[in-house]
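Chemist: Sharing a structure, written as C-alpha cells. Questions coming.
The values are calculated or read from the model by the stated rules, or taken from the named source; none is laboratory data. What you see is a predicted model; the values in this text were computed from it and never measured. Cβ sites come from the backbone with ideal geometry, for glycine too, and all protein chains shown count toward neighbours. Areas reflect the complete protein model, heavy atoms only, side chains present, ligands, DNA and RNA absent. Shrake-Rupley method; radii C 1.70, N 1.55, O 1.52, S 1.80 Å.
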Number of protein chains: 2
Amino acid sequence: MPPAAVAPPMREIFEIRDADGAGRIGELTVPRADVTVETPALLPVINPHLRTVSPATLESEFGAQILITNGYILYQSEEFREEALERGLADIYEFSGAIMTDSGSFQLSEYGEISVTNAEILEFQRDIGSHIGTPIDIPTPPDVSREQAEDDLETTKSRLDAAQSVDVGDMLVNAPIQGSTYPDLRESAAEHAYGTSLDVFPVGAVVPLMNSYRYADMIDVVRAAKRGLGADAPVHLFGAGHPMMFALAVAAGCDLFDSAAYALYARDGRYLTVSGTDHLDDLDYFPCSCPVCTKYTPEFLRSVAEAEREELLARHNLYVSYQELRTIKQAIREGNLFELVERRARGHPAMVDGYRALLDHAAELEREDPVSKGTFFYLSSQSARRPEVLRYHDRLSRLSVPGDRVLFSEGGDNRRFEETWRLLPPFGPVPPALSDSYPLTTERPERLDREAYEAAAEGVSRIVEANPDIEFAIAHWGWPDSALAALPNAVETLALGPESDHPDDS
Amino acid sequence: MPPAAVAPPMREIFEIRDADGAGRIGELTVPRADVTVETPALLPVINPHLRTVSPATLESEFGAQILITNGYILYQSEEFREEALERGLADIYEFSGAIMTDSGSFQLSEYGEISVTNAEILEFQRDIGSHIGTPIDIPTPPDVSREQAEDDLETTKSRLDAAQSVDVGDMLVNAPIQGSTYPDLRESAAEHAYGTSLDVFPVGAVVPLMNSYRYADMIDVVRAAKRGLGADAPVHLFGAGHPMMFALAVAAGCDLFDSAAYALYARDGRYLTVSGTDHLDDLDYFPCSCPVCTKYTPEFLRSVAEAEREELLARHNLYVSYQELRTIKQAIREGNLFELVERRARGHPAMVDGYRALLDHAAELEREDPVSKGTFFYLSSQSARRPEVLRYHDRLSRLSVPGDRVLFSEGGDNRRFEETWRLLPPFGPVPPALSDSYPLTTERPERLDREAYEAAAEGVSRIVEANPDIEFAIAHWGWPDSALAALPNAVETLALGPESDHPDDS
C-alpha cells in the first residue's frame, strides 16, 4: 500500500482481508449497528414509501448485511418522520444489519433546493438511528465547466469540514467525493475527504456516466478518487446498482454499491443479468437458476398480476446482484479477478472500453496487486496489458544476466550462446529459476494475438536496455512484424519457422 | 440451408424453430416415447447401478425431457436385465420423457471386447423400451494413425449399414460419426451416416479432446461432421457434459449433449460453472444462485455427510447445466449467440482457441446465419472475423456504386467527391441506404483494435476490386499502419487526425 503524503487519521473501521489488483475483500465495522459488513457489499435502496422487498426479507433470504434509505425523504415525510424519530430505523425496518442514510443531495441536484441545513439533516439522521449518515454534498454532473466543478467542489468540501463538528455520536459519516469528470479535481477532493475525520468515501454523481454506458469515464473517475485515498478507505460507488459493472468497479477499488436498480427495473419489467438488461417481454427462457427463475417461466411471469410480477422480478434482480458479489469475492480469493473482468467486459462493447480504461491504470493497480495468485490466463489482447505483465517487465530490468551472449528462445537452445532462457509471450524472457513462479505458469491460447508478442518484445527491450554490454538474440516462431519491429536493433533474431509450425506448448 | 448433394431420406423427426450461426433451437420428435424434445437438450446419464439424482427428480425439478442410460450395462446385469425386459425403462425410471440408450461401444473401446453382437444389442434396446437406440460403433480416439482411423471407420459404417435391417420397431437409432482427428474422414463418415435411414447423429470419441482442453480440435471435428450432414440432422456431441463448452458447441451446430459429468464431478467434490470447474474445498463463496447455492454455504456443504454432499453438488451441477442451455436458447432467440460464445471463450485460454477455430469456419456458418438479428456487438478482435462481417464483405463486391469519385469517410464529406459513404470498422464502407440495417447498427467500443480496421480495409478492397473504373478515397482517424497497408494502392487516404481526437460516435 502506498504511503499517504500526510499521515491521515487512522481508520480502524475498515480492514482488508484479501486483495487482487485494486479489488479487495474487506470488513467494515459499523459501531452503531454493532455489526461488521463484509465488502464488496450491496446496499439495497429502501424507499420509505414503496417496499418491493421488505428489509427483513433482504436479510433472511438474501443475506443482506447493510441497506440504505433516504434520510431526507423521512425528514420531509408527514407519514414517517415522527415514527422514525420515535422507533428508529432498525426497529421500523426489522433489520439487524447496518443502515446507511442519504441526505437529500440527490433531491438537491434534481430540484435545485432542499429545505434543510447540513447540520440539521446530519442530526436528524443521528436521531432516527442511522448507522452511517451523509452530509449534503453537491453532486456535480459529468461534463460541466471546470469553473462549476471547482465551485461545487468547494461547497462539498466545506460541508464535509462542517460535518466534522456536528455531534453525530457513534454514527459513521460519509465523505462524498465530487469533481465531475475532472480527474485532478476528483483526486484533490479525495485527498481532502481522506484528511477529514469522516469515515466512508462515496464517489458521487457517477450515475449519469453509467446510464450512458460511459464505463471508461467511470473508471477514470474512480481511479482518480482512489489516488487521493489511503488503502484503508472504504469506497462506495454511489448509485451503482447494475451487476454487469460490479466486477469492473471492484477491480478499480470500489467496496460498496447501492441498488435501487433491482426495484426500479422490476417496476419497468426489466430483468438484470451480469451482461446487461433484458425486458421480460423479450425473454422466452430465464438465463438464471435463482429460486424465482427455476420455479417460474417468463411466460408465467408475464401472466401474473403486476404487483406479484414486480416483486418476483425484484427478487431475481437481487439474486443475480448478490450472486455477482459472491462470484467477485470468490475470484478475489482465487486471484483471478482480472479473468472475471475479462469475461464481464464481453457483456457490452462499452464494458470493453471500461476494462481498457482500467488497464490504462495498470501501474497503479500493480502496486496493490499480490505477488502470487492462481494461474494467469491469457484471454485477449487486453491480457497483455495486465499489471502482472507490467510488473514482470519492471522486474526484468533488475534481473542479473549471466554470460556475455544470451539467447531468448521459443524452441530449444543453441550452442552459440552461453545461456538460453525461455521466451514466453506476453511476458518476455524467463530465467530458468523463475519458470515455475507466478505469473509465468500462465495458461495461454495456442494462437496468440499480436499484442502478446509485442508485450514480449517490450520485455526483451527492458532487459536489453538494462544490460548494454551483453549480446542478446531471440529465436522465435514467426513473430508478427509489429513485434519484431519493437525489438531493440541490437537484438539478433532467429526465425524457427512459421507460427503455424509451432509445436504444442504442452 | 444448403442442398445436400444427393437427396437424403427426408427426416421428419427434427424441425428447426430458430437459428443463429450454425446454432439452432429445434424439436426432436421421438415417436416411441410420444414426446417432442426441445433442443439444444441435455441428456443426463443414468447409471443403472448408482443413482445420484433420480430420473423422476430430473423431470420434476430440472425439466429434463430426455435422458440416456447404458443398454449394455443393463444387458450384462444379472440384477437389472430381467426387470428391464419385463417392466421397460420408462416404468423403472418413472420418467415420462425420451430415453436414449448406449450400446457398449464405450466398454468396447475401454476393454477391447464385449460379448454381444450389433443386432443383439439393438434388439435388446428395443425390448427394454429404449426410445433411441445405438449400434456398436468403434470409437476411434484422437491422433491414431490414418490407417487405424480408416479401418475403424469401415467397421463403424458397416455396423450402421447393418443396423438398418434390424427390426427396431419405432425406436429411433443413432448413427455415430467417427474418424478420429481426420476432418475428411469425419466428413465422409457423416455423409455415409446421413445416407442411411438412421435418425440421430452423435459425433463420437470427442471426450479425449475435451478432457485435454483441445477445444479447437473439437470444433474442427464437429464442423467436419456437419459438412457431411444435412441441416435436418440432429447432432449429438457424445460424452460432452461440461456447461463451459455448450455455447461453443451449439454455435458449431450441436443439438444434444449428455452429461455424466454432473454426477462424476460431484462424486469427486467438483463444482461446475460456465467458465470451468472448482473444487468444493477451494470455494469460500458459491458463484451461483441455484436453490442449492442460495440455501447452503460451501463451508456447510463440506460439513455434511458424503452422500448428501454428493447429491447437493450433483444438483448444483445440473442446475448450472440446464441454466446454460436456457441461456443459449435465449441467445439464439435474440440473435446474439456469438456474443455469448465471446463471453464463454474468456473462461479459459483453450476456449479462446475453440472460438477462433469456429471463426475459421465463418464462411460455412455464414450460409446458415440469419440475415437480420439483434445488435452486432464488437467485443474483441475475434468479432472482426464473424460470419456477419464476411457476409457484408461479400455483399460489398456486389453493390452498385454511383459516381466516378467516391469517398469512404469516418468524418463528414468532402466536395471533391461526388459521393460520400460512411466508413465503419470492422465492416467497411456503408452506403447510406444500408446504414440502419443489421449488422451496421453495431455497437462498438470507442477504442477499436487493429483487427477492426484491417477488416474495414478488406471491405474497402472488395468494393475497389469490383469497381476498377471508379476512383476511391478514404478519410480516417489515425488508422493503424497495418490497416492502411491492407488497402489497395489505388485508394487515396486522407488522415482526419490522430485516433485519440476521434469525436464520439454518438
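Chemist: Which far-off residues, 5 or more places away or on another chain, put their amide H under 5 Å from the one on B:Thr140, with H placed in the peptide plane?
Modeler: B:Gly179, B:Ser180
Chemist: For B:Val200, what residues show an amide H to amide H distance below 5 Å, using hydrogens built from the backbone and excluding near sequence neighbours?
Modeler: Sorted by chain and number, the residues that satisfy this are B:Val173, B:Asn174, B:Ala175.
Chemist: At a Förster distance of 25 Å, what's the computed FRET efficiency of B:Arg416 paired with B:Asp436, Cβ-Cβ distance as r, to 0.05?
Modeler: On the way: r = 27 Å, r/R0 = 1.08.
E between B:Arg416 and B:Asp436, to the nearest 0.05, is 0.40.
Chemist: Further question: So, in Å, what gap is there between the alpha-carbon centers of segment A:173-210 and segment A:419-450?
Modeler: Using only Cα atoms, the two centres lie 40 Å from each other.
Chemist: Output needed: percent of Cα pairs per 20 Å distance bin for chain A, bins running from 0 to the one holding the longest distance.
Modeler: It works out to 22, 47, 24, 7, 0, in whole percents.
Chemist: With θ set to phi - 60°, apply the Karplus curve 6.51 cos²θ - 1.76 cosθ + 1.60 along segment B:282-287 and write out the HN-Hα couplings as whole Hz, x wherever there is a Gly or Pro.
Modeler: Listing the rounded values in order: 9, 9, 9, 9, 8, x Hz.
Chemist: What share of the DSSP beta bridges in the protein assembly as shown is antiparallel, in percent to the nearest 5? Let's see the in-between values first.
Modeler: Values: 38 of 110 bridges.
In the protein assembly as shown, DSSP labels about 35 percent of beta bridges as antiparallel.
Chemist: Based on the Cα coordinates of segment A:70-172, what is the per residue volume of their convex hull in Å³? List each step's numbers first, then the result.
Modeler: Numbers: hull volume 10.5 nm³, N = 103.
Roughly 102 Å³ of hull volume per residue.
Chemist: Which three lengths, in whole Å and largest first, does segment B:364-412 cover when its Cα atoms are put on their principal axes?
Modeler: So the extents along the principal axes, rounded to whole Å, are 35, 24, 18.
Chemist: Summarise the accessible area of chain A (1.4 Å probe, protein heavy atoms) by the percent that is carbon and sulfur.
Modeler: Numbers: 8750 of 18930 Å².
Whole-percent figure for carbon plus sulfur exposure: 46.
Chemist: For segment A:337-420, max minus min Cα coordinate along each principal axis, in Å, sorted largest first?
Modeler: Result for segment A:337-420: principal-axis Cα extents of 50, 27, 22 Å.
Chemist: Shape call for segment A:18-60 from the C-alpha gyration tensor, a ≥ b ≥ c root eigenvalues: rounded (a/c under 1.5), prolate (a/b greater than b/c) or oblate? List each step's numbers first, then the result.
Modeler: Values: a/c = 2.97, a/b = 1.84, b/c = 1.61.
It is prolate, given that a/c is not under 1.5 and a/b is the larger ratio.
Chemist: Cα-based Rg (one decimal) and Dmax (whole number) for the protein assembly as shown, in Å?
Modeler: Rg, Dmax (Cα atoms, Å): 30.7, 93.
Chemist: If you take the accessible area of B alone plus A alone and subtract the pair, what total do you get in square angstrom, rounded to 100, with a 1.4 Å probe?
Modeler: Numbers: alone 21140 and 21120 Å², together 37870 Å².
Separately minus together, B and A give about 4400 Å² buried.
Chemist: Divide, for segment B:244-396, the radius of gyration over alpha carbons by 2.2 N^0.38 Å, where N is the residue count.
Modeler: Values: Rg = 18.1 Å, N = 153, 2.2 N^0.38 = 14.9 Å.
With N residues counted in segment B:244-396, Rg over 2.2 N^0.38 Å equals 1.22.
Chemist: Does any residue of segment A:272-286 lose at least 40 Å² of accessible area with all protein chains in place compared with its chain alone, and if so which ones (probe 1.4 Å)?
Modeler: By number: A:Asp284, A:Tyr285.
Chemist: Once phi is turned into θ = phi - 60°, what whole-Hz ³J(HN,Hα) does the Karplus curve with 6.51, -1.76 and 1.60 give for every residue of segment A:170-185, x standing for Gly and Pro?
Modeler: 9, 6, 6, 10, 6, 10, x, 10, 10, x, 6, 9, 9, x, 5, 5
Chemist: Given segment B:397-506, report the % of alpha carbon pairs whose separation exceeds 20 Å. Don't jump to the answer; show the numbers that get you there.
Modeler: Numbers: 1984 of 5995 pairs.
Roughly 33 percent, rounded to a whole number.
Chemist: Let me ask something additional. I want to check the label-to-label distance for A:Ala363 and B:Val144. Put each point 7 Å from Cα in the C-beta direction and report it in nm to one decimal.
Modeler: 5.8 nm
Chemist: Right, something else. Accessible area per residue for chain B in Å², computed with a 1.4 Å probe and the full protein assembly in place, what is it?
Modeler: Numbers: 18940 Å² over 506 residues.
It amounts to 37 Å² per residue over chain B.
Chemist: Continuing with this model, one more query. Go through segment B:311-321 residue by residue and turn each phi into a ³J(HN,Hα) via Karplus (6.51, -1.76, 1.60, θ = phi - 60°); whole Hz please, and just put x for glycine and proline.
Modeler: Coupling constants for segment B:311-321: 5, 5, 5, 4, 5, 4, 4, 5, 4, 5, 5 Hz.
Chemist: Using just the helices of the protein assembly as shown, give the 222 nm mean residue ellipticity in deg cm²/dmol: DSSP H runs with n ≥ 4 each add -39,500 (n - 2.57), and the total is spread over all residues, rounded to 500.
Modeler: Working: 42 runs with 412 residues, N = 1012.
After summing the helix terms and dividing by residue count, I get -12000 deg cm²/dmol.
Chemist: So, one more: With axes computed from alpha carbons, what is the tilt in degrees of helix B:349-360 against the longest principal axis of chain B, rounded to the nearest 10 within 0 to 90?
Modeler: It is inclined by approximately 70 degrees.
Chemist: Which entries of A:Lys295/B:Lys373; A:Lys295/B:Lys329; B:Lys226/B:Lys329 have Cα-Cα distances beyond 27 Å here? Working shown, then result.
Modeler: Values: A:Lys295/B:Lys373 30 Å; A:Lys295/B:Lys329 18 Å; B:Lys226/B:Lys329 20 Å.
Exceeds cut-off: A:Lys295/B:Lys373.
Chemist: How many percent of Cα pairs in segment A:213-278 exceed 21 Å? Walk me through the intermediate numbers first.
Modeler: Details: 588 of 2145 pairs.
So the pairs more than 21 Å apart make up 27 percent of the total in segment A:213-278.
Chemist: Let me ask something else about it. If you fit an axis through the alpha-carbon atoms of helix B:450-466 and take the longest principal axis of the Cα set of chain B, what angle between them do you get, 0 to 90°, nearest 10?
Modeler: Long axis of B:450-466 versus the principal axis of chain B: about 70 degrees.
Chemist: Still on this model: Kindly give Rg over Rh for segment B:129-288, based on alpha-carbon atoms, with the Kirkwood expression for the hydrodynamic radius.
Modeler: On the way: Rg = 16.8 Å, Rh = 16.5 Å.
That ratio is 1.02, to two decimals.
Chemist: Additional query: Would you mind classifying segment B:1-154 by shape? Square roots of the alpha carbon gyration tensor eigenvalues, ordered a ≥ b ≥ c; an a/c under 1.5 is rounded, otherwise it is prolate if a/b is larger than b/c and oblate if not. Before the final figure, lay out the partial values.
Modeler: Values: a/c = 1.76, a/b = 1.05, b/c = 1.67.
Because a/c hits 1.5 or more and a/b fails to exceed b/c, segment B:1-154 counts as oblate.
Chemist: Continuing with this model, one more query. Taking a label point 7 Å from the Cα of A:Glu471 along the Cα→Cβ vector, which residues of segment A:372-408 have an amide N closer than 16 Å to it?
Modeler: Label zone hits: A:402-408.
Chemist: When only C-alpha pairs under 8 Å and at least 6 residues apart count, what is the relative contact order of segment B:206-264, in percent? Working shown, then result.
Modeler: Values: 57 pairs, mean separation 21.3, N = 59.
RCO, segment B:206-264: 36 percent.
Chemist: Any chance you could get the radius of gyration and Dmax over the Cα atoms of segment A:39-125, in Å?
Modeler: Over segment A:39-125's Cα set, Rg and Dmax evaluate to 13.3, 39 Å.
Chemist: Can you give me the relative contact order of chain A as a percent, contacts being Cα pairs under 8 Å and 6 or more apart? Display every interim value, and only then the final one.
Modeler: Values: 1007 pairs, mean separation 64.0, N = 506.
Relative contact order of chain A: 13 percent.
Chemist: Also: Which whole-number percent is the relative contact order of segment B:334-404 (Cα, under 8 Å, 6+ apart)? Working shown, then result.
Modeler: Details: 39 pairs, mean separation 24.6, N = 71.
This gives 35 percent for segment B:334-404.
Chemist: Here's another thing I want to ask about it. Give me, ordered by chain and number, the residues 5 or more places off A:Thr273 or on other chains with an amide H under 5 Å from its own placed amide H.
Modeler: Excluding prolines and chain starts, which carry no amide H, the hits are A:Asp278.
Chemist: In whole angstrom, note down how far apart the Cα centers of segment A:131-157 and segment B:304-346 are.
Modeler: When both Cα centres are located, 44 Å separates them.
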